Amino acid sequence: MPVPIRIDFFAIVILLGVVQGVLLGGLFLTGTRAKTVSNRMMGWTMLAFSAAILEVFLCYSNYQFQFLWADNFAEPTNFLLALLPYFFGYTRLHGHLPKGWRWHLIPFVFWCVYSVFWQFQSFDYKYNSYISAWHPELPYRTFTFWLPEDPLYLRDHVNDLTLVSMAVYMMLSLKEIYGAFKKNDIPFFTLHRVVPLTQLRNFNLLIFLFPIVFVVVKLNFKQDLGDYILGSLTTFYIYLTSYLLINHSVLFKVESAGAEIKKKYEKSSLSDDYGGAILQKLQAYLKEEKPYLENDITLPKLAQRLSVSQHHLSQVLNDRLNQSFFDLMATYRVEEAKMLLADKALSHLKIDEIAERVGYNSTSAFHTAFKRITGKTPAQFRANN
């Protein structure tokens with residue numbers, strides 16, 4: 001072997017990431033968990049991450065000299081590293097894959113087919129390919145092409161194409177998550193935990209680090225010499241997923257809302273009598289003070305005004321009204337809007353003005369809530385009254 005095996009901190013970290021990714025992938029793709037489409041997407045994401053960093057491990061540790069047949073075997077996964085997390089987020093929010101999802105796989109499938117031109121070359125070619133990227137100081141071997149190596153001259157642009165793919169799907173992921181926050185009339189950067197929106201938001205914001213680090217690495221290292229940094233970062237994402245699985249398993253599991261609420265409050269100190277008193281106090285306050293008309297009302301603010309704990313108020317809403325705080329606000333706001341829309345004396349008001357009057361910062365969020373609750377748009381409701 002031209003150079004000795006290198007096993008250092010980065011090699012160990014990356015190898016552990018490979019193992020953990022394969023274990024997680026198997027976990028999500030087997031048993032009852034695999035019945036949920038979002039779990040399947042996360043399972044394939046972990047396996048794609050593992051394949052990508054396994055190649056990095058082989059190259060960085062110099063084991064690639066023993067496995068020349070595997071040179072660049074994972075290159076097609078470049079076009080899955082942002083696509084699959086997008087699929088996961090979309091399916092977690094909507095319960096199904098986006099329309100025409102198969103078309104999104106075209107770059108990956110194309111690169112798999114195109115890789116035939118360099119995968120079916122001699123070992124001498126693969127030896128030269130490896131050392132040109134990782135050991136340019138070593139002498140090259142003489143070889144003969146079995147096939148044209150790169151007939152479309154695309155391989156020199158694989159990093160550029162990877163970045164474009166990442167940018168597109170990270171923006172699509174962010175768009176979906178932002179839209180979900182907006183639909184529920186929740187600030188995108190809220191500090192309150194909203195399952196699963198805040199977890200998806202935080203995970204995707206961390207994923208945004210990857211293209212930044214990717215660009216920095218490629219600008220500062222010749223060839224692939226800095227890929228061990230990208231492999232370590234990908235390993236971090238794999239272990240982050242493990243952490244979320246353990247500490248925020250609601251991000252991945254599918255349960256009925258009743259089961260989640262029951263578990264959440266099973267150790268609560270709230271008695272039936274006290275819960276009933278909170279409910280009466282809440283309903284009276286909503287009727288008299290109409291706090292839902294305030295566009296910055298939050299659960300903590302409402303709990304403070306009622307002189308009850310946020311946790312107890314949330315439990316009352318979930319247990320006794322079967323609603324979240326945001327559902328409750330939407331219900332009262334829509335009822336108020338219905339009265340305004342039906343009032344002939346206010347027919348001069350535009351829809352966005354009514355949305356603002358009933359506490360919405362976003363007209364689109366108002367439209368979404370109104371249609372969900374009444375089955376009609378605000379304009380249709382006004383026209384029929």
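Annotations for the structure displayed:
- Against the list (1) among the hydroxyl-bearing types (Ser, Thr, Tyr); (2) modelled with pLDDT of 95 or more; (3) open to solvent by 20 Å² or more (accessible area, probe 1.4 Å), the condition Ser50 fails is (3).
- Lys338 meets all of the listed conditions (1) in a loop (DSSP other than H, G, I, E, B); (2) open to solvent by 50 Å² or more (accessible area, probe 1.4 Å) but one, namely (1).
- From Leu245, Leu233, residue being modelled with pLDDT of 90 or more and under 27 Å from Trp44 (Cα atoms): Leu233
- Any hit, region 24-32, residues being free of Cβ contacts under 8 Å to residues at least 40 places away in the same chain and either within 19 Å of Ser232 (Cβ to Cβ) or open to solvent by less than 10 Å² (accessible area, probe 1.4 Å) (or both): yes
- Residues within region 193-245 that are buried (at least 20 other Cβ atoms within 10 Å of the Cβ) and β-branched (Val, Ile, Thr), tallied: 6
- Some residue of region 350-363 being closer than 17 Å to Gln283 by Cβ and open to solvent by 50 Å² or more (accessible area, probe 1.4 Å): no
- Residue match in region 123-144 (condition: in contact with a Leu (Cβ under 7 Å, 6 or more places away or on another chain), exposed (fewer than 12 other Cβ atoms within 10 Å of the Cβ) and farther than 30 Å from Tyr90 by Cβ): no
- Out of Leu279, Leu313, sole residue that is among the hydrophobic types (A, V, I, L, M, F, W, C), assigned to a helix (DSSP H, G or I) and surrounded by fewer than 17 Cβ atoms within 10 Å (Cβ to Cβ): Leu279
- Cβ-Cβ under 6 Å pairs, at least 6 apart or on other chains, region 179-191 side closer than 13 Å to Phe326 by Cα and in a loop (DSSP other than H, G, I, E, B), far side open to solvent by less than 40 Å² (accessible area, probe 1.4 Å) and at pLDDT 75 or above: Asp185/Ala365
- Filter result for Ala303 (in contact with an Asp or Glu (Cβ under 8 Å, 6 or more places away or on another chain) and either surrounded by 18 or more Cβ atoms within 10 Å (Cβ to Cβ) or touching a residue at least 40 places away in the same chain (Cβ under 8 Å) (or both)): no
- Scan of region 5-18 for residues that are free of Cβ contacts under 8 Å to residues at least 12 places away in the same chain and surrounded by 12 or more Cβ atoms within 10 Å (Cβ to Cβ), ordered by number: Ile12
- Any hit, region 317-331, residues being over 14 Å from Tyr292 (Cβ atoms) and crowded, with 16+ Cβ neighbours inside 10 Å: yes
The values are calculated or read from the model by the stated rules, or taken from the named source; none is laboratory data. Since the model is a prediction, treat every value here as computed from it, not as a measurement. Don't worry about glycine lacking a Cβ; one is built from the backbone with ideal geometry, like all the others, and counts go over all protein chains shown. Calculation scope for accessible area: heavy atoms of the full protein, side chains included, ligands and nucleic acids excluded. Shrake-Rupley method; radii C 1.70, N 1.55, O 1.52, S 1.80 Å.
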